[in-house]
Amino acid sequence: MLIEKYYNLVTLYQIILTSISICYSQKLSSNECRELGYSSSTLLCSSCDELKEFKIAELEKSCKKCCITDTEEREATRYSKAVLEVCS
């Protein structure tokens with residue numbers, strides 16, 4: 001009886017952990033990210049972590065679903081020029 005309850009608790013715990021990991025690991029499509037205002041090709045996950053600093057942590061979940069993981073050894077990309085467009 002006690003062992004059966006233990007296995008039931010372990011099974012429940014595994015189901016909960018699996019559900020949580022599925023919810024947080026689902027990535028959104030690039031179109032869905034664009035609709036939310038994110039560029040999924042350039043958004044780094046470290047940028048999503050900075051949202052907490054500005055007290056906008058509620059955006060972090062959607063940000064994490066659109067970001068790409070950054071590596072610490074990533075080299076900076078240098079471009080030959082940039083175009084700044086000002087909208088009025």
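List of remarks:
- Under Karplus coefficients 6.51, -1.76 and 1.60, residue-wise ³J(HN,Hα) of the range 47-64 in Hz, glycine/proline x: 5, 5, 5, 6, 4, 4, 4, 9, 6, 10, 5, 5, 7, 4, 4, 5, 4, 5
- The 3J(HN,Hα) values that the Karplus relation (6.51, -1.76, 1.60; θ = phi - 60°) gives for the range 77-86 are, in residue order, 8, 10, 10, 6, 7, 9, 10, 9, 10, 10 Hz. Gly and Pro appear as x.
- For chymotrypsin sites (Phe, Trp or Tyr not before Pro), the sites in the range 30-88 that DSSP calls loop and that have at most 16 other Cβ atoms within 10 Å are Tyr79.
We did not get these values from a lab; they are worked out from the coordinates using the rules stated. The model shown is predicted, which means the values in this text are computed figures rather than measured ones. Using ideal geometry, Cβ is built from the backbone for each residue, glycine included, and neighbour counts are taken over all protein chains shown.
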